[in-house]
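This report concerns only the one structure given below.
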Amino acid sequence: MSTTGTQSREPRTATPPTAGAAARPGPEVRVLEPGELRTAHALFGAALHAGGPVDDDRWAVTRLSYAPGRTFGVDLPAGTLAGTATSFGSALTVPGGARVPMAAVTRVGVRADRTRRGLLTALMREQLSDAADRGEVTATLRASEARIYGRFGYGVASRGRNLRVTAGARFRPGAPAAGEVRLVHPDEAATLLPPIYARILTGTTRPGPIVRDDGWWALTLRRPAADAARGIAVHTGPDGDDGFALWTVRQEGTDFGENVLELHDLHAATPQATAGLWRFLLGVDLLRAVSAHLRPWDEPVDLLLDDPRHCRTTGVGDETWLRLLDVPAALAARTWGESGQEPLRIRVHDALFPANDGVHVIGDRAASAIGDSDGADPAPAGDGPADLECDVAGLAMAYLGDRRPSELVASGWWSAHDRAAVPRADRLFTTSEVPWCGTFF
Ligand SMILES: CC(C)(COP(=O)(O)OP(=O)(O)OC[C@H]1O[C@@H](n2cnc3c(N)ncnc32)[C@H](O)[C@@H]1OP(=O)(O)O)[C@@H](O)C(=O)NCCC(=O)NCCS
């Protein structure tokens, strides 16, 4: 299966606003100039209650994470910025290991005194249209609130669990124990970590991981304020460096030892490297616990421990919100869980991108899959009867393998015109690994 890295077809542009909205023109969205990005960043920070303007040192690094020409803004009549949204170009790993171009959407905010007047709606339309014009097959984001993005066609496509693991917990005798872990300085990490991550990404069979660009790494590793109490470790296995972890430590009490290590990032190429990094973290002195946010469901920390109850799941949450911009290309790029089966016909509704609207035929015997492997364009949406029906957000929820079609039918996200198609759809959409991204942006 080829990656759909280059899109030669006609660019997809979002439909204009509905007749009602057209009668009352929406706010005008424009691409911000480089000199306006700091103001946009402050606006976003204030909207998220994450602090206002950043100091010069911080901005020197933060500005690197703004991709040129990808930040949009909406102005008040007086010309003051009232809302903003940005993105950077990345690629999303889909089931089967292909990577499709992706817009990583972030820093969405509207001034508190200008919310609920359609500013976000105007920004989202423009941003999605721009991403599609760039040939990006998907857009993803992390949502501050779960009710914001569904209306724009985003659906939750991966979830994770939050862990709290007792520091010093003993490992089972059979748990992997090979490999070495060493601490590295942030300056060294800036050179070491990106290629380790790139190697892990190349080898991964898990759906969901994305390409991290230079700006993302700069923001993560060179952020001045994060230097205090920050740890970075690299794991070395038989084939060299094969994993890393990044954390901060916060005090939970006043005594020595009343600390919690907050794990921010842990990626590993092998189960041995995963175990080695967790073994290291849980062995750090003067800690009560290691806590981690949105780890993959199938990370076997509890299974590594002598007493599995030392690993508690403290929460679960949505991770990747996925918007399929080019449904035919996305469907052609992924592999299907069961080969040689009759293709399945799914009617997809997409109010924003008419080219996605219609019947898509999926499975390894579908025309789109055959077309893609021949290097031809994926089959466009067609017409006629369908076995199943959903909107584009519902399709996104199954696309990486997070939700089974039967769950989505049972909860009303999808409808089934042929009940026998539901278990067939489950078998087609299933993935061997749980989807998870592991990159916050
Ligand atoms: C979320 C946010 C960007 C929405 O901007 P906005 O300009 O108010 O959004 P719009 O006016 O275009 O709203 C479009 C629709 O979404 C709804 N909506 C917007 N934000 C919502 C929220 N937080 N919860 C529920 N519904 C919301 C609106 O009610 C509106 O629905 P309606 O058309 O049925 O009335 C803005 O409230 C904000 O900046 N919040 C704080 C920062 C933040 O959370 N940013 C997102 C980071 S991921």
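The values are calculated or read from the model by the stated rules, or taken from the named source; none is laboratory data. Computed from a prediction, not measured in an experiment: that's the story for all the values here. Glycine gets a Cβ as well: all are built from the backbone with ideal geometry, and neighbour counts include every protein chain shown. Heads up: the accessible areas ignore ligands, DNA and RNA and are worked out on the full protein's heavy atoms, side chains in. Shrake-Rupley method; radii C 1.70, N 1.55, O 1.52, S 1.80 Å.
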For this session: Restricting attention to segment 412-428, report how many residues are charged (D, E, K, R) and farther than 11 Å from Gln341 by Cα.
Result: 3
Exercise. Using beta carbons and a limit of 7 Å, which pairs, at least six apart or on different chains, have the first residue in segment 347-361 and of a type in the set (Val, Ile, Thr) and the second one in a helix (DSSP H, G or I)?
Worked result: Val348/Val327; Val348/Asn356; Val348/Val392; Val348/Leu395; Val361/Ala367; Val361/Ser368
Exercise. Of all the strands (runs of 3 or more DSSP E) wholly in segment 183-285, which have at least 2 residues that are open to solvent by 30 Å² or more (accessible area, probe 1.4 Å) and not β-branched (Val, Ile, Thr)?
Worked result: 240-251, 259-268
Exercise. With Leu128, Leu141 as the choices, which residue is farther than 20 Å from Pro354 by Cβ and of a type in the set (A, V, I, L, M, F, W, C)?
Worked result: Leu141
For this session: Could you list all residues from segment 173-182 that are surrounded by fewer than 18 Cβ atoms within 10 Å (Cβ to Cβ) and among the aliphatic types (A, V, I, L, M)?
Result: Ala177, Ala178
Problem set entry | Only one of Glu338, Glu299 that is surrounded by fewer than 23 Cβ atoms within 10 Å (Cβ to Cβ) and at pLDDT below 95 | Glu338
Exercise. Tally time: how many residues in segment 344-374 are at pLDDT 95 or above, open to solvent by 10 Å² or more (accessible area, probe 1.4 Å) and among the small types (Gly, Ala, Ser)?
Worked result: 2
Seminar exercise, completed: Among residues of segment 143-172 being surrounded by fewer than 21 Cβ atoms within 10 Å (Cβ to Cβ) and within 12 Å of the ligand (Cβ to nearest atom), the residue nearest to the chain's Cα centre (by Cα) is Ala143
Problem set entry | Unique residue being touching a strand residue (DSSP E or B) at 6+ places or on another chain (Cβ under 8 Å) and not in a strand (DSSP E or B) when the list is Ala60, Ala103, Ala67, Ala42 | Ala67
Problem set entry | Residue satisfying all of: in segment 319-330; farther than 29 Å from Arg295 by Cβ and touching a residue at least 60 places away in the same chain (Cβ under 8 Å); surrounded by the most Cβ atoms within 10 Å (Cβ to Cβ) among these | Val327
For this session: Go over the candidates Gly69, Gly79, Gly26 one by one and state the one that is at pLDDT below 90 and open to solvent by less than 90 Å² (accessible area, probe 1.4 Å).
Result: Gly26
Exercise. Out of curiosity, is Ala355 over 30 Å from Ala273 (Cβ atoms), touching a strand residue (DSSP E or B) at 6+ places or on another chain (Cβ under 9 Å) and part of a helix (DSSP H, G or I)?
Worked result: no
Exercise. Which of the residues belonging to segment 116-142 are within 8 Å of the ligand (Cβ to nearest atom) and either open to solvent by 50 Å² or more (accessible area, probe 1.4 Å) or out of contact with any helix residue (DSSP H, G or I) (no Cβ under 9 Å at 6 or more places or on another chain) (or both)?
Worked result: Arg116, Arg117, Leu119, Thr121, Ala122, Leu123, Leu141, Arg142
Exercise. Checking Arg58 against (1) open to solvent by less than 30 Å² (accessible area, probe 1.4 Å); (2) more than 25 Å from Ser129 (Cβ to Cβ); (3) of a type in the set (Lys, Arg), which test does it fail?
Worked result: (1)
Exercise. Of Ala218, Ala175, Ala190, Ala169, which residue is more than 15 Å from Phe244 (Cα to Cα), in contact with a Lys or Arg (Cβ under 8 Å, 6 or more places away or on another chain) and small (Gly, Ala, Ser)?
Worked result: Ala175
